[in-house]
Each structure stands twice: as structure tokens, then as C-alpha cells.
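Trainee: My questions all concern the structure below.
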Amino acid sequence: MKTLTRERSEELKALCHQFRVETIELLHKLQTGHTGGSLSECEILVTLYMECANITAENQDAPDRDRIILSKGHGAPMLYRCLAEKGFFPVEEMQTLRQVGSRLQGHPNMAKTPGVELSTGPLGMGLSAGNGMACANRLMGNEAYVYVILGDGELDEGTIWEAAMTASKFKNDRLIAIVDWNKVQLDGMSADVMPIGDLAGKWRSFGWNVLECDGHDVDSVYSTIETAKELLNGRPTVILANTIKGKGVSFMENTNKFHGKAITDDEYERAMKELEVLR
Ligand SMILES: Cc1ncc(C[n+]2csc(CCOP(=O)(O)OP(=O)(O)O)c2C)c(N)n1
Ligand SMILES: [Mg+2]
């Protein structure tokens, strides 16, 4: 099993903490944006972009680059922060988030934003597109990986399961789906909105390899993604990443309340204290 060095692991953890703080600061300042899902996907995106995927601002047009699709497009703030870190655009541009004329819209737009592989926002689209990209890569002889980040609420969309069937039919074993499995969605707990049952068993029955990890532990996320990359057994792989919606700020955790609501001044101060920015 591949592991991060202690030093790199600490660097990634520090980056995650920094991105959490910056995301909350920005969304508070703007009084708009999706906080809960951004905090939830943080370690997944940071580990993927900074460590596992072959994606750089320099290779962004190379046909054999890896691709990351944020299918749960409302998690755009954390995606943009990672893209800025990779040099796709200046980090100062984050301040234009969700403003008219900005390249950084509320949901990712592949026509506007460097590094965005697919426009998303309507849930349920990313796996089908990722599947097509994986098929195209195989036809062209590219040994590139396609990563698709899905929300657990997003799995209620029927299109996900059509794509799941199709990916296994086409034996796309360089297609890796990662479920941000925080068990919460927009208007409640996922189990209440639409009980999905045995999630691992469902994916397995659709012909996928299933791995599980702690989605807030960069070491666990890294090792599991690297394991998924090496499976190459004719099946696509899904990683069920156990996460917490709103991770990092106690009163934002495990609730749908901070799915997309403006952060008040009081909430902001309490959050910054918890994150040890304010004392
Ligand atoms: C097709 C579609 N239906 C409804 C919505 C509205 N919507 C935006 S986010 C969301 C909940 C998503 O929950 P989940 O996938 O679990 O995301 P996370 O918990 O990571 O924020 C919904 C219903 C949408 N964007 N697209
Ligand atoms: Mg969710």
C-alpha cells in the first residue's frame, strides 16, 4: 500500500486547514455559497489535486492528462481554491466568486474557468461524462485516469446508475468515482430523503470495485486512491469516502443547515475561534 511521507501528510493537512479557513472567510464575506459540501470534500479534492492526479496548469490541454470532475458542482468554492493553488488562475481571483462577470461562478463552468473539466451543477451528470472521457481515453490509447466526485444525495439521481452500468459494461477501469459520503443532503439526512440501502453492495452489483476510506484523513484518502489506481482489473472503482458535512466547525457538522445559507457574523466569529484563527 502506498503511503504519504510524514512530512507531505503534514503539509496536506495544513493546506486543508488553510483552505477551510479561507472558504469560510470568503463565503461569509460574500454572504452566499455552499459551505457544508465544500468543507466535506476538502481532503478529497486537496489529496487528488496536490498528490494523486496528473493535472497541472501546464498540461491542461494535453489529451493524456488526468481529469477531475466535480459532479456535485455546488462544491465549487473548494474546487476553485485547489485550482488556484495549482496555478490555473491567481488566488486573488477567489474574491470574485459568484459575481457577475467573474470566471468563478457559483457552479463550475468549463467554458469560463481554467482547469474545470465539466460544467456541473445539475446533479447526476458527472459520471456519464466521466465515463465517456474514460472510453475516449481507451480508444486513443491514453493511460489517464478520470476521477468523478459525487455527493451522496446526488446518488438519488437515476442517471448515476445508468452511468454505473455503462462504465462496467465498457470495462473502464481507469474511471474512479469518489463518493463524498457525508450522509446529508440539501434538505435533510440522505437516509430520510431517499434510503439507499447497502451502498457498497449496490455499487458491487453494478460491476464496480468498492473501496472505503476516511474522507477527512489525507493518509487514508491518498492510500485508497493509489490502491484504486493500481486495481486495473477491468472494473471501474468507487471509493466511498466517509465524510462529515460541514467538517471542521462543530455547529456546521452533520447538518443540512449550512448547505447553502449565508454565514452570519456571529457564526463566522465562532467558526474562526474553533479553527483557532481568532482567540
Ligand atoms: C438535478 C438537481 N436536482 C436538485 C438540485 C439541487 N441541489 C443542489 S445540492 C443538493 C443536495 C446534494 O446533496 P449531496 O449530493 O449529498 O451533496 P453534499 O452533501 O456533498 O453537499 C440538491 C438537491 C440540483 N443541483 N440538481
Ligand atoms: Mg451529502
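Just so you know, all these numbers are worked out from the coordinates, no wet-lab data involved. All values reported here derive from a predicted model rather than from experimental measurement. Please note: Cβ atoms are built from the backbone with ideal geometry, for glycine as well, and neighbour counts cover all protein chains shown.
Trainee: Out of the range 133-173, which residues are assigned to a loop (DSSP other than H, G, I, E, B) and touching a residue at least 24 places away in the same chain (Cβ under 8 Å)?
Mentor: Taking the range 133-173 as the starting set, the residues that turn out to be assigned to a loop (DSSP other than H, G, I, E, B) are 141-145, 152, 157, 170-173.
Within the range 133-173, Asn142, Glu143, Ala144, Tyr145, Asp152, Glu157, Phe170, Lys171, Asn172, Asp173 meet the criteria.
Trainee: Among (1) assigned to a helix (DSSP H, G or I); (2) more than 16 Å from ligand 2 (Cβ to nearest atom); (3) of a type outside the set (Lys, Arg); (4) out of contact with any Pro (no Cβ under 6 Å at 6 or more places or on another chain), which single condition is Ala191 missing?
Mentor: The failed condition is (2).
Trainee: Can you find a residue in the range 240-257 that is within 16 Å of ligand 2 (Cβ to nearest atom), surrounded by 19 or more Cβ atoms within 10 Å (Cβ to Cβ), closer than 14 Å to Leu150 by Cβ and among the hydroxyl-bearing types (Ser, Thr, Tyr)?
Mentor: Yes - at least one qualifying residue is present in the range 240-257.
Trainee: To continue, here is another question. Every residue in the range 111-129 that is of a type in the set (A, V, I, L, M) and assigned to a helix (DSSP H, G or I), please.
Mentor: So the first thing to find is which residues in the range 111-129 are of a type in the set (A, V, I, L, M), and the list is 111, 116, 118, 123, 125, 127, 129.
Leu127, Ala129, listed by residue number.
Trainee: Given the conditions (1) part of a strand (DSSP E or B); (2) within 16 Å of ligand 1 (Cβ to nearest atom); (3) of a type outside the set (Gly, Ala, Ser), which single one is not true for Ile176?
Mentor: (2)
Trainee: What are the pairs with Cβ atoms under 9 angstrom where one residue, in the range 258-274, is more than 16 Å from ligand 2 (Cβ to nearest atom) and the other, located anywhere, is assigned to a loop (DSSP other than H, G, I, E, B) and not hydrophobic (A, V, I, L, M, F, W, C)? Sequence gap at least six, or different chains.
Mentor: Between residues of the range 258-274 that are more than 16 Å from ligand 2 (Cβ to nearest atom) and residues that are assigned to a loop (DSSP other than H, G, I, E, B) and not hydrophobic (A, V, I, L, M, F, W, C), the close pairs are Ala262/Gln31; Ala262/Thr32; Ala262/Gly33; Ile263/Gln31; Ile263/Gly33; Ala271/Gly248; Lys273/Arg279; Glu274/Gly248.
Trainee: Here's something else I'd like to know. Which one of Lys245, Lys257, Lys273, Lys261 is of a type in the set (D, E, K, R), in contact with a Lys or Arg (Cβ under 9 Å, 6 or more places away or on another chain) and part of a loop (DSSP other than H, G, I, E, B)?
Mentor: Details: Lys257 fails: in contact with a Lys or Arg (Cβ under 9 Å, 6 or more places away or on another chain); Lys273 fails: part of a loop (DSSP other than H, G, I, E, B); Lys261 fails: in contact with a Lys or Arg (Cβ under 9 Å, 6 or more places away or on another chain).
Unique residue meeting the criteria: Lys245.
Trainee: I'd like the full set of residues that are among the small types (Gly, Ala, Ser), within 17 Å of His216 (Cα to Cα) and either touching a Lys or Arg at 6+ places or on another chain (Cβ under 9 Å) or in contact (Cβ under 8 Å) with a residue 12 or more places away in the chain (or both), limited to the range 1-48. If you could, list the steps in order and put the result at the bottom.
Mentor: Within the range 1-48, the first condition is being among the small types (Gly, Ala, Ser), and the residues that meet it are 9, 14, 33, 36-38, 40.
From what is left, the residues that are within 17 Å of His216 (Cα to Cα) are 9, 14, 36-38, 40.
Of everything in the range 1-48, those that are among the small types (Gly, Ala, Ser), within 17 Å of His216 (Cα to Cα) and either touching a Lys or Arg at 6+ places or on another chain (Cβ under 9 Å) or in contact (Cβ under 8 Å) with a residue 12 or more places away in the chain (or both) turn out to be Ser9, Gly36, Gly37, Ser38, Ser40.
Trainee: Only one of Thr47, Thr35 is among the polar types (S, T, N, Q), in contact with a Phe, Trp or Tyr (Cβ under 7 Å, 6 or more places away or on another chain) and within 16 Å of ligand 2 (Cβ to nearest atom). Can you tell me which? If you could, list the steps in order and put the result at the bottom.
Mentor: Working: Thr47 fails: within 16 Å of ligand 2 (Cβ to nearest atom).
Unique residue meeting the criteria: Thr35.
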